[in-house]
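See below for the structure under consideration.
The values are calculated or read from the model by the stated rules, or taken from the named source; none is laboratory data. Computed from a predicted structure; not experimentally measured. Cβ atoms come from the backbone with ideal geometry, glycine included; neighbour counts cover every protein chain shown.
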Amino acid sequence: MHTFIMQEGGGMDEVTAAYKEEAYELLGELEDALLELEDQPDSKPLIERVFRAMHTIKGSSAMFGFQHIADFTHEIETVFDLIRDEHIFANTEIIEKTLQSRDQILEMLEIENFKDFTALQKDLLDQFKAFIPEDIENIEDEELDLETNDVKENIEFQDFSDKQDVFDTDIPEKADQAPSILVTYRIRFKPNENLLTQSINPIPFLNEIRSLGKCSIVAQTKNIPSFDEIDPKQCYTFWDIILTTDKGLDEIKDIFILVDQQSDLTIDIIDDVDLDEENGYKKIGEILTERKDISKTELDKVLDKQKRIGQILMDNKLVEPGIVESALVEQQHVKDKKQKKAEAISVSSIRVPADKLDRLVDLVGELVTVQARLTQEATYQKKPELISISEEVERLTSELRDNTMSIRMLPIGTTFNKFKRLVRDLSNDLGKQVEMKTDGGDTELDKTVIEQLNDPLIHIIRNSIDHGIESPEVRKASGKNEQGIVHLSAIHSGSNVLIQIKDDGAGLDVNKIRKKAIERNLMHPDDEKSEKEIFMMIFEPGFSTADVISGVSGRGVGMDVVKRCIEALRGNIDVSSEPGMGTVITLKLPLTLAIIEGLLVKIGEGLFVVPLLSIEECVELPPELLTRVKKQNMMNLRDEIIPFLNLRELFLIKGDPPPIEQIVITEAKGEHVAFGVDHVVGQIQTVIKTLGKMYRDVQGISGATILGDGTVALILDVVQLIQAAEKINLEQQNE
């Protein structure tokens with residue numbers, strides 16, 4: 001049931017926006033559920049998810065005046081209600097039409113003044129009506145719907161000082177997702193010593209117990225005799241097990257049903273006592289006496305000693321070390337469970353508009369700048385009290401900055417899930433069988449990075465399916481599974497995230513790419529390029545190896561978009577491929593675009609920041625190491641000839657350079673490039689400020705930052721600088 005809270009003075013525009021925001025989320029949930037249902041058409045939980053999403057969309061749409069969406073959704077909901085009752089079944093056609101209907105609802109949400117259903121929408125409604133068998137009595141609206149009046153009873157009008165509407169949707173728990181009651185059991189499994197002689201291995205029983213939930217197992221080995229007396233056919237070990245599960249006692253007993261008569265098996269429920277906040281779970285002595293490992297009398301005799309109870313009992317040889325260990329495991333297991341339960345109860349969240357987060361980041365950036373100025377002034381004045389205050393402000397500012405950045409971090413799994421529909425529809429259009437797998441969906445990235453990743457990933461996935469994955473016939477002939485795989489994964493790597501798009505298709509054809517590159521004058525026939533360099537040609541504007549232009553590819557624009565977008569995110573791309581085995585495209589991206597780790601350098605009186613992500617090392621350059629090849633500056637770095645760009649010359653900065661220049665060695669496009677600067681100041685972490693409209697198109701500059709003394713330092717775009725230098729060199733060679 002929904003709870004809508006509207007402030008006094010709040011307009012319907014805000015409420016409508018809140019309704020649409022929830023509807024978009026529900027449509028995303030609906031699409032995910034339908035794609036899963038296509039693989040598991042008999043899954044009742046998935047059918048329930050689809051029905052609930054449709055039902056919620058219909059109810060809130062009717063309530064907020066979007067009656068056309070409610071009417072459209074009603075027919076689909078009716079069909080899935082019949083599927084729930086097993087009158088009809090969720091076949092491929094129904095799922096396909098439901099996906100199309102989901103897209104139509106999305107379109108209707110964007111239409112301001114909706115007048116009538118389109119021809120496609122009317123056709124979809126007719127088809128859903130046709131899915132309902134004639135022998136099934138029509139279901140009355142009041143039997144299928146949650147009455148609008150029932151929903152209206154939950155509308156509350158409250159006053160809030162903030163004029164931001166709160167739209168809180170409390171959807172009832174689905175039958176399959178009702179919160180299960182977790183119970184913790186203590187199990188002692190002591191098999192008969194002759195169990196092994198009956199060809200029964202006790203280990204599979206333990207493994208099956210592990211599958212029921214959180215499980216801790218301690219093997220008791222006190223009965224194992226000496227090596228001379230041991231009989232390898234005998235089972236001397238028994239096990240103490242602590243299990244937290246939502247399964248019942250009978251289900252646990254069923255696991256041991258084959259050895260029940262040949263084993264000493266005890267199962268007790270142990271979490272019926274509340275956790276005392278001061279004393280925690282039961283003491284070791286209580287656990288041991290409860291399990292009858294020692295008597296109460298024996299325990300009382302040793303309680304007056306100062307050692308820990310477990311150590312005392314072992315010193316007195318009343319229990320074996322393994323027995324005490326299992327009691328400690330039980331104690332810790334229950335403590336962990338209680339702690340997690342308490343944490344789960346205390347977890348809460350709040351929805352905040354994105355622009356408020358952006359404003360918060362801007363304010364934190366200003367605070368970082370002020371803090372740097374305070375630190376500089378405190379150091380200059382050398383007053384101990386002022387230095388102490390500045391250090392405390394620096395610590396608090398650092399914590400505030402890190403926490404603010406973490407608020408903007410979102411799991412990339414939601415983005416990955418969006419592509420399941422793309423893979424499904426595209427593989428159907430191309431007559432291919434493709435499955436999408438994902439890994440690392442909980443990897444977090446800045447929301448700005450995630451928002452800009454959508455287009456590059458779409459183009460890469462489309463390219464993988466169209467060019468990479470072969471048709472079922474070709475795959476079968478080459479000994480592959482007819483169904484191809486596109487695998488998306490994400491993993492943290494230091495201050496970056498690596499996103500991999502991997503397919504098991506035909507791989508890239510080096511010779512074909514080279515031939516196309518020569519035809520388009522992207523390389524000379526005599527050029528000796530590595531395989532990796534040739535692979536990177538696919539990202540050149542207008543480049544395509546497709547023989548026929550189709551609606552999916554062939555115009556050479558998709559991968560160019562990928563390159564531009566990833567470079568704009570200060571990331572880089574790596575491509576590897578093996579003929580017949582597939583292709584792997586790896587995107588290396590910074591965790592956030594709001595803060596940059598960089599190297600502060602000085603040229604003349606100007607200060608610049610080189611992103612640390614692209615820096616390999618810093619060296620000094622004596623004049624004799626600089627050479628000129630075809631009007632292009634080159635330098636010898638440990639017998640490696642690499643391009644050299646003098647930033648003083650590139651930026652037309654007047655004045656005399658120092659006698660020995662300092663060099664920043666960077667890596668871009670898989671190659672080393674050297675930048676000459678006057679002086680390397682040191683490493684810096686700073687908040688990025690975007691340039692004004694007049695300077696946004698300046699080549700080689702990606703932003704600016706304010707230093708502690710108030711001066712402005714420009715942030716260099718390494719890739720753009722290299723491209724600009726290459727263009728200048730090309731023009732000079734053609735003169």
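Brief remarks follow.
- Taken over the range 477-490, the criterion of being surrounded by 13 or more Cβ atoms within 10 Å (Cβ to Cβ), of a type in the set (A, V, I, L, M) and farther than 24 Å from Asp446 by Cα is satisfied by Ile485, Val486.
- Counting only residues that are in contact (Cβ under 8 Å) with a residue 40 or more places away in the chain and either surrounded by 17 or more Cβ atoms within 10 Å (Cβ to Cβ) or among the small types (Gly, Ala, Ser) (or both), the range 39-59 holds 10 of them.
- Flag if Ser493 is at negative phi and either exposed (fewer than 14 other Cβ atoms within 10 Å of the Cβ) or in contact with a Pro (Cβ under 8 Å, 6 or more places away or on another chain) (or both): yes
- Just one residue in the set Thr415, Thr404, Thr438, Thr448 is under 25 Å from Met559 (Cα atoms), among the polar types (S, T, N, Q), within 24 Å of the chain's Cα centre (by Cα) and not assigned by TED's automatic domain parsing to the domain that holds Val474; that residue is Thr415.
- Among the numbered conditions (1) without any contact (Cβ under 8 Å) to a residue 24 or more places away in the chain; (2) of a type outside the set (Val, Ile, Thr); (3) touching a strand residue (DSSP E or B) at 6+ places or on another chain (Cβ under 7 Å), the only one that Gly479 does not meet is (3).
- Checking Gly507 against (1) closer than 20 Å to Asn572 by Cα; (2) in contact with an Asp or Glu (Cβ under 6 Å, 6 or more places away or on another chain), the condition it does not meet: (1)
- Test: Glu620 is part of a strand (DSSP E or B), at pLDDT below 85 and under 24 Å from Thr711 (Cα atoms): no
- Residue in the range 144-154 that is hydroxyl-bearing (Ser, Thr, Tyr) and modelled with pLDDT under 80 present: yes
- Residue ID - surrounded by the most Cβ atoms within 10 Å (Cβ to Cβ), chosen from residues in the range 458-476 that are over 20 Å from Leu569 (Cα atoms) and touching a helix residue (DSSP H, G or I) at 6+ places or on another chain (Cβ under 7 Å): Ile465
- Test result for Ala62, farther than 26 Å from Arg424 by Cα and touching a residue at least 60 places away in the same chain (Cβ under 8 Å): yes
- Considered as a group, the residues in the range 420-457 that are closer than 23 Å to Ala33 by Cβ and of a type in the set (Gly, Ala, Ser) include one that is surrounded by the most Cβ atoms within 10 Å (Cβ to Cβ), and that residue is Ser427.
- Condition met for Phe189 (among the aromatic types (Phe, Trp, Tyr) and out of contact with any helix residue (DSSP H, G or I) (no Cβ under 8 Å at 6 or more places or on another chain)): no
- Considering only residues in the range 124-134 that are over 11 Å from Phe72 (Cα atoms) and free of Cβ contacts under 8 Å to residues at least 12 places away in the same chain, the one that is nearest to the chain's Cα centre (by Cα) turns out to be Ala130.
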